[in-house]
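Undergrad: I have a structure I would like to understand better, so I am pasting it below and will then ask my questions one at a time.
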Amino acid sequence: MKTTDETITAEEPAVEQAAELTPAERQNEALHSIKNHAITAMGIGILPVPGLDLIALTGVQLSLLRKIGGLYGFTLSDERGKKLLASILSGYLPLVIAGPVSSILKFIPGVGIAAGVLAQSTLAGAVTYAVGKLFLQHFESGGTVLDVDTKEMGQKLKQQIQEGKEFLKKHAPGGKKDAV
């Protein structure tokens, strides 16, 4: 069982990692991580096992949140990260429905599998991109892991998902432009 001190330590700034980078380097590294995690999430969407894709996607998104948080001097526990993700993503009803539905489509042989894989892959990448951008904006504006306004982020999610879809068309392997 964790003590209160351990819980607090898990959320305190990790100043050493953040202090090594200039603001421009930190932002560039965060954007690079967002791209890489979004592309990884697209790959996870291809997993043919319904449900496994959603579990693996959560892991990728938690990894992205920890990476971006670390760049800005914060560590993020899995528990807090999962709560933040759930709060942000649950505020956008089409997303709440689309993720599980596209995963379930994979149960249908042939066309269902193809449709489910395509839908889940695109959605997974765009959502991961959106989550990363929202947290990057939050940390760039001086926010911490303790003052995240999940309601506000949830309201911005739809726009960021659209931006993520456009970004992935240009930057994902096989897209119009592979380099950042």
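The values are calculated or read from the model by the stated rules, or taken from the named source; none is laboratory data. Only a predicted model underlies this, so the values are computations on that prediction, with no experimental measurement involved. Cβ coordinates were reconstructed from backbone atoms using ideal geometry, including for glycine residues, and neighbour counts include every protein chain displayed. We work out accessible area using only protein heavy atoms, side chains counted, and drop any ligands, DNA or RNA first. Shrake-Rupley method; radii C 1.70, N 1.55, O 1.52, S 1.80 Å.
Undergrad: At 0.36 nm per residue, minus the direct Cα-Cα distance, what do Q162 and E79 gain on full extension? Give it in nm, one decimal, please.
TA: Contour length minus Cα-Cα distance gives 27.1 nm.
Undergrad: Further question: Quick one: if you stick a label point 7 Å off each Cα along the C-beta vector at L21 and D149, how many nm between them?
TA: 2.5 nm
Undergrad: Which cross-chain or sequence-distant (5 or more) residues have an amide H under 5 Å from the amide H of F74, H modelled 1.01 Å from N in plane?
TA: A14
Undergrad: Percent of accessible area on the stretch 23-83 owned by carbon and sulfur, 1.4 Å probe?
TA: About 61 percent, which is the carbon plus sulfur part of the accessible surface.
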